[in-house]
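Working notes, structure below.
The values are calculated or read from the model by the stated rules, or taken from the named source; none is laboratory data. In this text, all values refer to a predicted model and were calculated from it rather than measured experimentally. Ideal geometry is used to build each Cβ from the backbone, glycine not excepted, and the neighbour counts take in all protein chains shown. The area values use the complete protein model at the heavy-atom level, side chains included, leaving out ligands, DNA and RNA. Shrake-Rupley method; radii C 1.70, N 1.55, O 1.52, S 1.80 Å.
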Amino acid sequence: MGARMPSLAPLAWLPKGALGILKEIARHALRRPVVGIAAVARTEDGRVLLVRRGDTGTWALPGGTLEWGEVLSRALARELEEETGATVVGLGRVTGVYSHPERDPRFHAVTICVEATVREPVRGPKNAVEIREARLFAADLLPSELAMGMSDMLSHALGGSGDVVLE
């Protein structure tokens, strides 16, 4: 047997974390929509869990974008835990798939909105710059406007028609 050839894997030479940054840059440079997931998260007593965003100061559904190699159900659980400190008790139905390019001013996103039952948060957001706070709201005390075009996502999910929105 001959000598083993050195690895020609230049990505392995990158510093830790650099590959993630390169993937994020490529995603925007390739001008492809970003896949996101948002939760209409409720506790068992029916309160709705929302987050106050750090960039806009407005309320929003908890959620975020898929990480490379991640599945939607895992992304939703991860985002809920990171942004709110809540854990998922169970996932419900997909209430809509939203893809209007103007919905999010940062980039074109395709957001899958899913019902989730969660435990009451046990701590606040992990990243206070991204998410200022998480709060449970009674259905009759929900904010009238949500960030990133999420008001209709929430109202549709809470409307009870059972229809799935495909935007």
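Before moving on, here are some points about what is shown:
- The packing ranking of peptides 121-127, 159-165, highest mean first, is 121-127, 159-165, where packing means the average number of other beta carbon atoms within 10 angstrom of each residue.
- Annotation: the antiparallel percentage among DSSP beta bridges lying fully within the chain is about 65.
- Here each label is just a point 7 Å from Cα along the line to Cβ, and for Val94 and Glu82 those points are 2.2 nm apart.
- Alpha carbon centroid spacing (whole Å) that separates region 24-56 from region 108-154: 8
- Among the GluC sites (Glu not before Pro) found in region 105-147, those both in a DSSP coil and sparsely packed, with 12 or fewer other Cβ atoms within 10 Å of their Cβ, are Glu145.
- Candidates Leu141, Leu22, Leu72, ranked by Gaussian network fluctuation over the chain, Cα under 10 Å, top entry: Leu22
- Model label sites at Ile21 and Glu133, defined 7 Å from Cα along the beta-carbon direction, differ in position by 3.4 nm.
- Among Leu80, Leu142, Leu61: highest mean-square fluctuation, GNM of the chain, C-alpha pairs under 10 Å: Leu142
- For region 92-167, the alpha carbon convex hull comes to 117 Å³ per residue, rounded to a whole number.
- What the Cα convex hull of region 14-167 gives, in volume per residue, is 118 Å³.
- Accessible area of the chain belonging to carbon and sulfur atoms, whole % at 1.4 Å probe: 58
- Dimensions (Å) - region 124-167, Cα atoms, principal axes, largest first: 35, 25, 16
- Stretched out straight at 0.36 nm per residue, the stretch from Leu166 to Asp55 would grow longer than its current Cα-Cα span by 37.2 nm.
- Average accessible area per residue (Å²) across the chain - probe 1.4 Å, nucleic acids and ligands excluded: 60
- Environment charge at Glu79 (Cβ cut-off 12 Å; Lys +1, Arg +1, Asp -1, Glu -1): -3
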